[in-house]
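Input: a single structure, listed below in structure tokens.
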Amino acid sequence: MSRSRFLKIFILLLILGSALILLFLLRPTDKGKKVNVIKDNTVIETLDLNEPLQKDYTFGSDVNTVVIKDGTVEVLSANCHNQICVNSEPISEVGETIACLPHGFLLEVVE
Amino acid sequence: MKTKDLVLDGLLVAVGVALGFLESLIPFPLPVPGAKYGFANLVTVYSLYELPLIQTVLILMARILISGFLFGSLSSLLYSLSGAVLSLLIMILLKRQVPLLLVSIFGGIFHNVGQLITACLVTGTWGLFYTYGFFLVLVGSLTGLTVGILSKLFLRASERIFHGLR
Ligand SMILES: [Zn+2]
């Protein structure tokens, strides 16, 4: 094998290797995203946004059912009078919130 | 075009269409309809080394159009076309420079890169590049490697079969 051919092979493999490393590092990772469950301005629980879950939060007669799936969180059902929390779209980006003001209940996506 | 060439070309198109159908049965992680792994590149690599360039291009176009009309939609045609054309261009460029295996690996990578670029253009989200880039380049080099090894085997076998025929 000639020297220049060897050099070309080497360069191509180098490009391939560095492209793979670069793309691997650029990969967006959702790891670490969490959901704070807040009741009356107090964080009562922190959930992992990557672990599917369905859970009822009951305080007295106030119930909010929270669902986590596909890296998003939403309020599936609630017995509040305005149903704004239930009608809110699922959230997944850091800083987004879903609020249930009648119940003083809040979901917030955090790092 | 001689009858022998015509028969061989037809055969290669048929093999390509069959491979394309087989791989359409394997789910592809890119969230767009019609994106594929690129195993049908086997036919392209084979003809690139065995036949004149014009025949390679004709076989490729025939394969993509037939596959598209038989199993696909307009959008899947767009994806296979962009993947195949980019892949072929890269392989033509590299053919004289480096060994077949590396040519095929880069053909496989750029098959997927072409589809990814099309997906980004169609959906208007360049973020797809970051999300799927690593996976597609990795998978592309693996299918390219597989295709390269198989092409070598086929080229060796066809040399024996066609020896004296052509
Ligand atoms: Zn509510």
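Derivation of every value follows stated rules applied to the coordinates shown; laboratory data play no part. Predicted model, so just to flag it, every value in this text is computed and none were measured. Here the Cβ is made from the backbone with ideal geometry for all residues, glycine too, and neighbour counts use every protein chain on show.
Tabulated data
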{"read-out": "Most mobile of A:Asn64, A:Asn79, A:Asn50 in a GNM of chain A (Cα contacts under 10 Å)", "value": "A:Asn79"}
{"read-out": "Partners for A:Lys34 among aspartates and glutamates (Cα-Cα distance below 15 Å; same-chain residues under 8 apart left out)", "value": "A:Glu45, A:Asp48, A:Glu51, A:Asp70, A:Glu74, A:Glu93, A:Glu96, A:Glu108, A:Glu111"}
{"read-out": "Helical contribution to [θ] at 222 nm, DSSP H n ≥ 4, -39,500 (n - 2.57), averaged over chain B, rounded to 500", "value": "-28000 deg cm²/dmol"}
{"read-out": "Region B:1-68: trypsin sites (Lys or Arg not before Pro) in DSSP coil with no more than 13 other Cβ atoms inside 10 Å", "value": "B:Lys2"}
{"read-out": "Reachable lysines, given that their alpha-carbon falls under 16 Å from the alpha-carbon of A:Lys39 and they are not under 8 places away in the same chain", "value": "A:Lys55"}
{"read-out": "Where no second cysteine Cβ lies under 4.7 Å, the cysteines concerned in chain A", "value": "A:Cys80"}
{"read-out": "Mean Kyte hydropathy of 1.0 or more with a Cα span along the axis of at least 30 Å, helices from DSSP in chain B", "value": "B:3-24, B:74-95, B:100-123, B:127-162"}
{"read-out": "Neighbouring partner chain Cβ atoms per residue of B:102-113, average, 10 Å criterion", "value": "1"}
{"read-out": "For region A:11-20, 3J(HN,Hα) per residue [Karplus equation, 6.51 cos²θ - 1.76 cosθ + 1.60, θ = phi - 60°, Hz, x = Gly/Pro]", "value": "5, 4, 5, 5, 4, 4, x, 6, 4, 5"}
{"read-out": "Relative contact order computed over chain B (Cα-Cα under 8 Å; 6+ residues apart), in percent", "value": "25 percent"}
{"read-out": "Per-residue [θ]222 nm for chain A (sum of -39500 (n - 2.57) over DSSP H runs n ≥ 4, rounded to 500)", "value": "-8000 deg cm²/dmol"}
{"read-out": "20 Å Cα-Cα reach of B:Lys95 towards lysines, excluding residues that sit fewer than 8 places from it in its own chain", "value": "A:Lys8, B:Lys152"}
{"read-out": "Chymotrypsin sites (Phe, Trp or Tyr not before Pro) restricted to DSSP loop in region A:3-78 with at most 10 other C-beta within 10 Å", "value": "none"}
